[in-house]
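**Q** Mind having a look at this structure? Questions to follow.
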Amino acid sequence: MTSKKFSRNLYNISDNKSKQEAIKFLKQRGYKLISDDEVYTYDLRMKKGDKIVLIEVEHKRVWGGDDFPYPTVDVPYRKIKNEADIFIMFNNDYTVLFITPMDTVKESPTSLKNTKYTKQERFFNIPLNKGKFIKNREIIGFSLYFANYKLQTSLRIE
């Protein structure tokens with residue numbers, strides 16, 4: 001079993017844009033940014049009301065188009081050490097996001113799979129109904145209006 005080695009190049013391509021899109025999306029729902037400084041165990045520190053909320057953000061480059069083409073949302077098992085409260089994954093074009101509590105990620109079944117970068121890496125396999133897919137109404141980022149929704153878990157994103 002292997003784990004993907006950190007790639008500064010891939011990080012530089014996706015990290016800032018992914019964080020900025022997540023910030024826009026969450027600010028629309030009343031969250032305030034406290035910090036987007038990189039911490040190993042989460043990406044963003046935000047606040048809603050009196051509650052501090054930690055966010056993990058990923059960019060799934062192999063997820064092209066708006067429709068999610070896989071039977072589960074797969075998250076690297078190395079995220080087991082992550083301290084985030086919320087997990088957000090964007091598609092390649094940032095036109096759709098998947099959002100779920102990080103506890104849901106960690107409670108999901110796991111499997112081993114080969115990737116472009118690894119052999120037999122362990123992943124969490126999140127059932128599609130354990131999170132919410134949200135499409136961008138304007139196809140230009142998550143800065144305008146979305147349909148209202150309630151995430152059917154212990155953590156509500158409003």
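We did not get these values from a lab; they are worked out from the coordinates using the rules stated. Note that the structure is predicted; figures quoted are calculated from it, not measured. Positions of Cβ are backbone-derived with ideal geometry, glycine not excepted, and every protein chain shown enters the neighbour counts.
**Q** What residues of segment 66-104 lie in the reach of a label at GLN120, counting those whose backbone N is under 18 Å from a point 7 Å from the Cα along Cα→Cβ?
**A** Label zone hits: 77-78.
**Q** Which entries in LYS48/LYS119; LYS51/LYS81; LYS17/LYS132; LYS27/LYS81 show an alpha-carbon gap greater than 28 Å? List each step's numbers first, then the result.
**A** Numbers: LYS48/LYS119 40 Å; LYS51/LYS81 21 Å; LYS17/LYS132 21 Å; LYS27/LYS81 26 Å.
Correct reply: LYS48/LYS119.
**Q** Relative contact order for segment 8-135 using alpha-carbon pairs under 8 Å, separation at least 6, rounded to a whole percent? Could the numbers behind the result be given before it?
**A** Numbers: 228 pairs, mean separation 26.0, N = 128.
Reported relative contact order: 20 percent.
**Q** Moving on to the next point. So how compact is segment 8-135: Cα radius of gyration and Dmax in angstrom?
**A** Radius of gyration, then largest Cα-Cα span, for segment 8-135: 14.1, 43 Å.
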